[in-house]
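Engineer: Sharing a structure below in structure tokens format, with a few things to ask.
The values are calculated or read from the model by the stated rules, or taken from the named source; none is laboratory data. Just so it is clear, the model here is predicted, and its values are computed rather than measured. Glycine gets a Cβ as well: all are built from the backbone with ideal geometry, and neighbour counts include every protein chain shown. Calculation scope for accessible area: heavy atoms of the full protein, side chains included, ligands and nucleic acids excluded. Shrake-Rupley method; radii C 1.70, N 1.55, O 1.52, S 1.80 Å.
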Amino acid sequence: MTDRPAHIIDHPEALREAVARWIGVSELAFDTEFVRERTYYARLGLIQVFDGREVALIDPVALSDLSPLSEVLEHPGVLKIAHSASEDLSVLRQRLGVLPRPLFDTQIAASRVGMSPPP
């Protein structure tokens, strides 16, 4: 991991700069946080990204336009890594209209090698 603190991305220019950096990495881990209570569609509250060096916290409440993120989520040269990604994918598709690809889901990989979920 990293001993540096996470940095918050809450301005359009910061998001564009981060995406430009992430296009150059081979792997990008991500996770989302969202609220589903009392709403028809999940409301995205946070996107966490780790590029192997830094943790970034993207604030989708402050950023009305997340479209620059689509470029790296769909970039074929960057493997996106997530754990139990089905709900993350649903929220990202709803908000951005894209699905991360290529995608490696660690939960699915664990099940394929015989690991069972915790009780």
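Engineer: Search the stretch 5-31 for residues being of a type in the set (A, V, I, L, M) and outside any strand (DSSP E or B), and hand back the single one that is surrounded by the most Cβ atoms within 10 Å (Cβ to Cβ).
Structural biologist: In this case the residue turns out to be LEU15.
Engineer: Okay, moving on. Select the helices (runs of 4 or more DSSP H) contained entirely in the stretch 44-119, then report the ones holding at least 3 residues which are touching a Leu at 6+ places or on another chain (Cβ under 9 Å) and exposed (fewer than 15 other Cβ atoms within 10 Å of the Cβ). Even if it seems obvious, please write down each step before you answer.
Structural biologist: On the way: elements: 67-73, 86-96, 106-112.
Filter on the stretch 44-119 gives an empty set.
Engineer: Scan the stretch 79-97 and report the pairs whose first residue is β-branched (Val, Ile, Thr) and whose second residue is open to solvent by 40 Å² or more (accessible area, probe 1.4 Å), with Cβ atoms within less than 7 Å and a gap of 6+ or a chain change.
Structural biologist: ILE81/GLU27; ILE81/PHE104; ILE81/THR106; VAL91/PHE34
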